[in-house]
Amino acid sequence: MTKINIQHMMAESGVAFGTSGARGLVSQMTDQVCAAYSLAFLHGLGLAKPGQRVALGMDLRPSSPAIVRACAAGIRQAGCEVDFCGMLPTPALALYALAQGIPAIMVTGSHIPFDRNGIKFYRAEGEISKADEAAITGAEVELEEKSLFSPPHPSLLPEGEGADANVLTVNPAALHQYRQRYTDLFAADLLSGWRVGIYEHSSAARDCLSDVLGALGADVVSLGRTDTFVPIDTEAVSEEDRQRGLAWAAEHRLDAIISTDGDGDRPLIGDETGNWLRGDIVGLLCAHFLGADTVVTPVSCNTAIEASGLFRQVIRTRIGSPYVIAGMEQALATGGSSVAGFEANGGFLAGNGLTVGRQALAALPTRDAILPALAVLAMARQQGCKVSDLLAGLPQRYTASDRLQDFPVANSRALLDSLQRDDTAYRSLWDDELGAPAQRDLTDGLRLTFENGEIVHLRPSGNAPELRCYAEAGSMERAQALVTLTLQRIADGYK
């Protein structure tokens, strides 16, 4: 047996908690590290009980099966049973765990680069909190390493076909329940007559999404399917994907294009012209469609949320789903009757009191991609308009974002420190083009609101060595220009 202090292991391995789960380079995510994290989750939060089932799932990254194997070994060492749900979207695993009243572990790196991966943890009640993260990192576990190497790889056999107790056989119940959540909620002819493209790439949601859209009457067109993992970031859509959207919409005469990130918890939605909608605008539309009176959203999201006047209360948080969930819990505790949360990446968190028509929507307080996609399509069908027309009545505030990859965290912190310390430091980035900052918001990174009403927000990514930049302005072109200008000048001066 090997005794492992999780805090020391984090420092030595480089695999640490970010904005959503523990993440690191694939080379750092050894069997020992992944099994130890699983043990620390179950023991540190008091979830390890004899015979306790633990739901386990994964995305399509090539490194995910090996990590699943190590997590399964950790679950078994804790005296628990592995309920392997196979390859599926993260929200599908979360919904299943919530319904079954069991903890869950999802192996996914979401949108981060190919050479990285991660592990997300769920209590029976939903995503772990920041306090839970602290309990995990403060844990010490004893690891029996010899059990990590049998079997050599997880088997993805259908349920009932595995003879060995150590072989992981797939329980299809989680994926079935997730599909049914939406096929039961929306009318079977909702999308009849519509031609909807699915940008499939390597998304864990691609087959499920096709099944759901087809069941709701859409003529589904498969686009861009690949066996090579593609790290789609719904907050920083590549120029290649921008052009793909436009070309696909024209070639196939589509009414909409739907996609997700790698693990299916962040949507990417294109209108009939192939232009991708911003995630925070998708969240705004979805929250309104579901009848939310209170919205919880990070500080990086578009101020059109408040300016729209559609919600009784808007609560702003730090970036990351644990903070949004904490804000949703606060809203419910203080009288919010119907509460929704969403992030700039489009991931939508359904709280209590939401409805689709007259049907109650069961809460799912974790990021989901399929719900906001269906809500946008349903709104357009109900209003008899195109997807692009849904934006016409919203305040004319536009956001753009991008990132500098391979940008050390130390450089990001030095930059933000200088901008906070020195009133003239910002001029080295923007000269006098924006005027003086009228407001500095330090909720998460540095968000500067200038006298002309434009906003630039800089923050280090919590998941990778990247610097993210968000900008808001009166036109999409201006917002994008601010992001491009800012990141280019930072890259020239700080790398």
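The values are calculated or read from the model by the stated rules, or taken from the named source; none is laboratory data. Bear in mind that the values here come from a model prediction, so they are computed numbers and not experimental data. Here the Cβ positions follow ideal geometry from the backbone for every residue, glycine too, while neighbour counts run over all protein chains shown. When the accessible area is computed, the model is the full protein with side chains, heavy atoms only, and any ligands, DNA or RNA have been set aside. Shrake-Rupley method; radii C 1.70, N 1.55, O 1.52, S 1.80 Å.
Descriptive notes on the structure:
- Magnitude of the charge dipole, the range 247-354, Cβ model with Lys/Arg +1 and Asp/Glu -1, debye to 20: 320 debye
- Local net charge near ILE67, Cβ-Cβ under 14 Å (Lys/Arg +1, Asp/Glu -1): +1
- Inter-label distance, nm, simple model (7 Å from Cα along the C-beta direction), ASP189/ALA134: 5.6 nm
- Residues ASP432 and LEU25, FRET efficiency given R0 of 56 Å [Cβ-Cβ distance, rounded to 0.05]: 0.85
- Ellipticity at 222 nm from helices only: DSSP H runs of n ≥ 4 in the chain, each -39500 (n - 2.57), divided by the residue count, give -10500 deg cm²/dmol.
- Fully extending the segment from HIS252 to ALA333, taken as 0.36 nm per residue of separation minus the present Cα-Cα distance, adds 24.4 nm.
- Gyration tensor verdict on the range 169-282 (Cα atoms; rounded if a/c is under 1.5, prolate if a/b is larger than b/c, oblate otherwise): oblate
- Rounded to 5, percent antiparallel among DSSP beta bridges of the chain: 65 percent
- Using only alpha carbons, the range 377-495 has a radius of gyration to Kirkwood radius ratio (Rg to Rh) of 1.07.
- Extension gain (nm, one decimal) between ALA481 and GLN243, 0.36 nm per residue minus Cα-Cα: 83.9 nm
- Anchor LYS386: aspartates and glutamates whose Cα lies under 14 Å away (excluding residues fewer than 8 positions away in-chain): ASP255, ASP271, GLU272
- Computed lengthening from MET1 to ARG440, 0.36 nm per intervening residue step minus Cα-Cα distance: 152.9 nm
- Dipole in debye (nearest 20) - the chain, about Cα centre, beta carbon charges: Lys, Arg +1; Asp, Glu -1: 520 debye
- Whole-number D in µm² s⁻¹ for the chain, Kirkwood Cα-pair radius fed into Stokes-Einstein, 20 °C, 1.002 mPa s: 93 µm²/s
- Accessible-area value, ASP417, 1.4 Å probe, nucleic acids and ligands omitted, Å²: 80 Å²
- Positive end of the dipole of the chain (Cβ unit charges, origin at the Cα centre): among VAL387, ALA340, ALA471, the Cα lying farthest that way belongs to ALA340.
- Prolate/oblate/rounded label for the range 235-332 (Cα gyration tensor, a/c 1.5): prolate
- Relative packing of 168-176, 66-74, which averages over residues the other C-beta atoms within 10 Å, highest first: 66-74, 168-176
- Gyration tensor (alpha-carbon) shape descriptor, the range 282-435, a/c threshold 1.5: prolate
- Inter-probe distance in nm under a simple model that places probes 7 Å from Cα toward Cβ, at THR226 and ASP406: 1.8 nm
- Dipole magnitude of the range 28-146, debye to nearest 20 (Cβ charges: Lys/Arg +1, Asp/Glu -1, about Cα centre): 200 debye
- Most positive-pole-ward Cα, ALA124, TYR96, SER20, against dipole of the range 1-130 from beta carbon charges: ALA124
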